[in-house]
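The values are calculated or read from the model by the stated rules, or taken from the named source; none is laboratory data. Quantities reported herein were computed from a predicted structural model and do not represent experimental measurements. Cβ: placed from backbone, ideal geometry, glycine included. Neighbour counts: every protein chain shown.
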């Protein structure tokens, strides 16, 4: 890499007394930030609502400003964080205060209500991953919308056609029609507080599980309104209101049992159980459990309810008692009782009223959202008795890939092993490896203190690394006893192994009574430890590189050196040791023997002011590599003092002062730390308040500093940290690391131009090549002159930069383009019911839009099938093919056909195309007159075939015979009849519908009558007969009664026949006791004698002409 200096710029800076060398760079560029919460669970701050997906594969949690997505295993209760959508992300503005989350019945869409922003957000759900994509946000202020101010809870009908919203700020209960394809909503109806059924503060809403009724509870009214859903329009029709009973108030949550029999109503300190009338939706109080009832606990401030799917338990989450409360239901008698209350230790399980949808359960597990803890508590449910066992707490920051960055304070770098160690105040040491190519940090491990004695990692900002990089020493100041821990750096596992702890109460230990700082000598042979309280002084230890052990050599008491102090810095040549006091600002200069390491007091600089500039709060000092200058920073009034080191008189002389108030340099306001490039060319200062870094150029000939610029977030994509309180510059001078205890993060920066390593891209992608901001001129090999370019073609890319100070730099990078091949071929056609095989032809990673990951798939449905293939470079290509399964031609011969004997039936396929009947006919219709099964196969122009068949039945005609024509006497009554058969219909010429009629002289017209009867079977088949009756005027004759009976004696049945219709038969025993009677209304009848004992019985037979006959029968039994 070639660098040179612009000569014109050189002349300008020479004139103002600044001499630059050709190999310097002033630019720093942001590389990335590693945060305590990186890649961990996020989006749970202020968790308030929670919901299962319909398939129980995902859990969605709404928090103050986010919606978090988890994978969920219903059988094990395990959860896996996927991602979270924040309200400050693009498009997700509706996620502030997500009070309720509801999933559409088809599991395709997620609806999130915000009572803070008066809206409902619509997300489309990926059924495979559970991730969400925002589709739309419906605001109360949108044209045609109403009833969303304070939208608190959502209910969805089972058919997915309607959504109901309880909005407390609007005091409205609103109905929306839902498009089941797109998920979009359209406004239908609102019921306001002054409307029938309206409520002042509608907070909780539940749709009955049969989707016939909606129940809405008011937090202020202490009322529940019942509405019936109009099945045609979805609109609500008021049914009734129920009011609080004694001990009920501040209604907060509703739930309905899965069998739809009960409604559960949570008041602030009570749980009401109501019986539901499933026909009209009305409620009747059954049980009321109150906070102050004997034997009940944990019911103080209920905010959420949930019912187990087996209906055996009702669970409540309470804020004041911070508990899960369990009620049980006996399914055999529907009796309810309080079961248990579990206040979990050290967990503040509270929604504090932020949502009444913070509790869900399935048959195995119960989840409770905790607003103040920013997480979700998971308990395991005993399916026998409903009791809960605590499992875990899913919290903001859980499973973060980076740990130990709580309150980071300082860092040290091992140039040999490329390691960076970040010391935190109270939470351990985070271990990173520096990528020497990119300069970015890679998290490796954390050394945590498990208690106040183990590892001594508590509450100290200072760590020292041995020069060989094998041992690390850290101080513990505030614990009793205080001391120092010694760690071995395990470069195989990238971890720290605790070797020893030297405690202040250990016999023979010196310098560890509340130690405040430590430093190695440049050659690495001595370690100096500063303590500033009961044992104030500097302890000098010799270092054993074989095992990292320390041996005390000297202890320099504070009285022999100067004022109290709490920090130490050693010059690079090892000749000087500087100690200073943060409060007084005193800087003491000590001489050091380069062989023995012994210290000698030289001088103390005690400056309270320089001219009119006051010096308060000394926060840091740094030495130039040539030991010519010492730079001191004063936090309170933002001052940087440049001291020259007088090596002859052994004192410090002020040569420059930079103050924030006068110069308005952002990097000086509440200045915390200062860093000096190892080559002595540039100085960096960090501002705690302005989140800025100040850049100063140092003239190596005289140590004079010149302010160049401020790097201030978000200027120039600096991406600085909030409250910077640490700077670390590795020996390679190519990187700068900033530390923030507030953000709990470390940010990485490159100091010179670097395009990064050669890289590969995928076809149609581009590689962003960034030369970094802050340069005055950019010239790329593509002739582009911007800071960034996008490389799409394969080849070398070069850039030349010139910064504002005339420094020129170059770099080159090679870009390779990768593209895997895939071709699914032309579109495919088939017939419904068949399948086709689609093959990508790619022997690697395949992902079809069906979710399959094989090289080929078999499909049986029409649609567009696409595959994404990924090669070893993670480059992708995709192709799709349309598969059309033509529907089979429509064919329906209808249901089976019944006809009557002698008729014929026409069977029609209805298909104007190729037909083939099993009769051999090829016509569209056939006529049949024989019973049987008739089938047809039809074929359309896509060669798709369909078949159907129908059974044809021909029923026989009824037998009807009135006999030969006859005559009657003028006094004669003639009975004409046909067989009486159940389910047959009869119609005579005179309109009678009996099976017989009576004819006499009055029935004749002109002495004759043509009598006819039509009989219809239960299959609709008809037959008829006609009888001509004439009056015999010559003879008057009355037909004698004739009754025949047999067999006599009988063992089973008695057959009776008469020439007159028998209207009644009474049976008596030999003593005249009545036994039974029958009304046959026919000329024949059968008497069942099986149940009669042996003996003589009397039958009294009454005929239609009024005559009676008495006949004896004999019954015998064998």
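Residues are listed down the side, and each one gets a yes or a no for (1) in contact with a helix residue (DSSP H, G or I) (Cβ under 6 Å, 6 or more places away or on another chain); (2) loosely packed, with under 12 Cβ neighbours inside 10 Å; (3) over 20 Å from residue 1085 (Cβ atoms):
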| site | (1), (2), (3) |
| --- | --- |
| 985 | no, no, yes |
| 1003 | no, no, yes |
| 1020 | no, yes, yes |
| 1042 | no, yes, no |
| 1045 | no, no, no |
Inset, instruction - State whether one or more residues within the range 825-832 are under 30 Å from residue 949 (Cβ atoms) and either surrounded by fewer than 13 Cβ atoms within 10 Å (Cβ to Cβ) or out of contact with any strand residue (DSSP E or B) (no Cβ under 8 Å at 6 or more places or on another chain) (or both). - result: no
Legend entry - Residue count, the range 31-68 (criterion: at pLDDT below 60 and outside any loop (DSSP other than H, G, I, E, B)): 5
Legend entry - Residue count, the range 990-1024 (criterion: outside any strand (DSSP E or B), within 19 Å of residue 965 (Cα to Cα) and modelled with pLDDT of 90 or more): 1
Legend entry - Candidates 87, 114, 121, filtered to the one that is without any contact (Cβ under 8 Å) to a residue 24 or more places away in the chain, within 22 Å of residue 184 (Cα to Cα) and in contact with a helix residue (DSSP H, G or I) (Cβ under 8 Å, 6 or more places away or on another chain): 87
Inset, instruction - With the condition kept exactly as written, say whether any residue in the range 650-662 is over 22 Å from residue 609 (Cβ atoms), surrounded by fewer than 19 Cβ atoms within 10 Å (Cβ to Cβ) and touching a residue at least 12 places away in the same chain (Cβ under 8 Å). - result: yes
Legend entry - Residue within the range 71-88 that is surrounded by 20 or more Cβ atoms within 10 Å (Cβ to Cβ) and within 21 Å of residue 192 (Cα to Cα) present: no
Legend entry - Single residue of 703, 694, 667 found to be buried (at least 23 other Cβ atoms within 10 Å of the Cβ) and either at pLDDT 80 or above or out of contact with any strand residue (DSSP E or B) (no Cβ under 8 Å at 6 or more places or on another chain) (or both): 694
Legend entry - Residue list for the range 776-810, filter: surrounded by fewer than 18 Cβ atoms within 10 Å (Cβ to Cβ) and not in a strand (DSSP E or B): 781, 782, 783, 784, 785, 786, 792, 793, 794, 804
Inset, instruction - Out of 870, 835, 816, report the one residue that is within 39 Å of the chain's Cα centre (by Cα) and either without any contact (Cβ under 8 Å) to a residue 24 or more places away in the chain or under 30 Å from residue 941 (Cβ atoms) (or both). - result: 835
Legend entry - Selection within the range 189-208 - part of a strand (DSSP E or B) and farther than 26 Å from residue 277 by Cβ: 190, 192
Inset, instruction - For residues that are surrounded by 17 or more Cβ atoms within 10 Å (Cβ to Cβ) and free of Cβ contacts under 8 Å to residues at least 60 places away in the same chain, scanning just the range 951-977, find the one that is farthest from residue 1039 (Cα to Cα). - result: 952
Legend entry - Residue in the range 488-529 that is modelled with the lowest pLDDT, counting only those that are at positive phi and surrounded by 21 or more Cβ atoms within 10 Å (Cβ to Cβ): 511
Inset, instruction - Could you please let me know if residue 813 is in the same structural domain as residue 765 (by TED's automatic domain parsing) and either surrounded by 17 or more Cβ atoms within 10 Å (Cβ to Cβ) or in a loop (DSSP other than H, G, I, E, B) (or both)? - result: yes
Inset, instruction - Return the total of residues in the range 209-223 being within 28 Å of residue 335 (Cβ to Cβ), more than 31 Å from the chain's Cα centre (by Cα) and part of a loop (DSSP other than H, G, I, E, B). - result: 1
